[in-house]
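Shown next, in structure tokens, is the structure this report addresses.
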Amino acid sequence: MIETYFKRGHLKGVLECVNYFSFLICLVLSPSAFADLSDIKVSNNQISFQTISTKLYYSETGNGNGGASIAPLDTQMGNVPGYAVLFSVMSDEENLYFVAEYDKSSGQTNYLGNQQGGSFGSVVNTTSSDLTNYHFRIGKGFETEAFNAQSMATLFFEIGNHKLVRNLASTAPYLATYSNSYLVFGGMGQYSPEGSKLVLSANAMWGVTFSPNINTSLGSVRTRGNPPTTLCGFSADYEFVNHLHGNLGIDVVNFSYVISEMYTVGAIRVFAPNNSTDFTMIKLGLGYAF
């Protein structure tokens, strides 16, 4: 497990998050020379509707259980379109920050796998994929001084849920629903050149998943452990006219499920293997500031 964790580069991601948090702490401790944070405050008080494109990469690996290979068992990848709705608010005086967001994507992806006991790549197919995510974020912003412009550092906690539904197209359709919840600690840095009405934001989060569950055509299974999850994102928000905003962003997310115990389906002993999901979400939308 540790070897896989290192190979996938998660350690590098964690270190990047630590470096980012260190930078945010430095910003928080820096005295602010700018009382005017109007562009950032306006950007943080709006409702936004976005069209999104999600690049999905899902993979499963065995550990030798049931004769399964330690190599990849199957993969699923492709781009799926969708939409997102985001509501955010920040108080005027204390900079208390709250976000609620929901997104849903659906489309066809490419599947590469094998029959039970076969070799990886012996099955090539397509599968419909439905992604549903939602989260709630609460935190506090701190006015900072950076590059002679409006700037703010916000520390927050986020709790949310991921759900992926896979429906493999074949003579015997196989439906699988993966869901988990997560809790992360994160930081967001925001920068706005004075008078530009442009707000640039970057955030990074690290935490754990919990309540993992997998429901398949063969039955339901709960995997073990609370594996880590990492999230990071970048966005730009621009005020075209009073209250009307345009925004563009990208989010990168990773989470995983730990291999389950062996269980019986009919006369067959099966298990849910280690699996990992990565998705990169590109967002483009319009917002109304209030």
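Computed quantities for the displayed model
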| read-out | value |
| --- | --- |
| Estimated inter-spin distance, S196 and M77, nm [label 7 Å along Cα→Cβ] | 3.4 |
| Length released on extending from N215 to V123, taking residue separation times 0.36 nm less the Cα-Cα span | 30.9 nm |
| Gain upon complete extension [F136, S91; 0.36 nm per residue less C-alpha separation] | 14.6 nm |
| Nonlocal amide H pairs with T230, under 5 Å, H built at 1.01 Å | N254 |
| Ordering of 90-96, 233-239 by packing [mean C-beta count within 10 Å, highest first] | 233-239, 90-96 |
| Across K41/K163; K104/K140; K55/K197; K140/K197; K55/K163, pairs whose alpha-carbon gap is larger than 25 Å | K41/K163; K104/K140; K55/K197 |
| Efficiency of FRET from Cβ geometry, N110 and I159, R₀ 41 Å, rounded to 0.05 | 0.80 |
| Extension gain (nm, one decimal) between E145 and L244, 0.36 nm per residue minus Cα-Cα | 32.9 nm |
| Whole-Hz ³J(HN,Hα) from phi, Karplus 6.51 cos²θ - 1.76 cosθ + 1.60, for region 79-84, glycine and proline x | 9, 10, x, x, 9, 9 |
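Values quoted throughout were computed directly from the atomic coordinates according to the rules given, and no laboratory measurement underlies them. In this text the structure is predicted, and so the values were computed from the model without any measurement. Here Cβ is always computed from backbone atoms with ideal geometry, including for glycine, and neighbour counts include all displayed protein chains.
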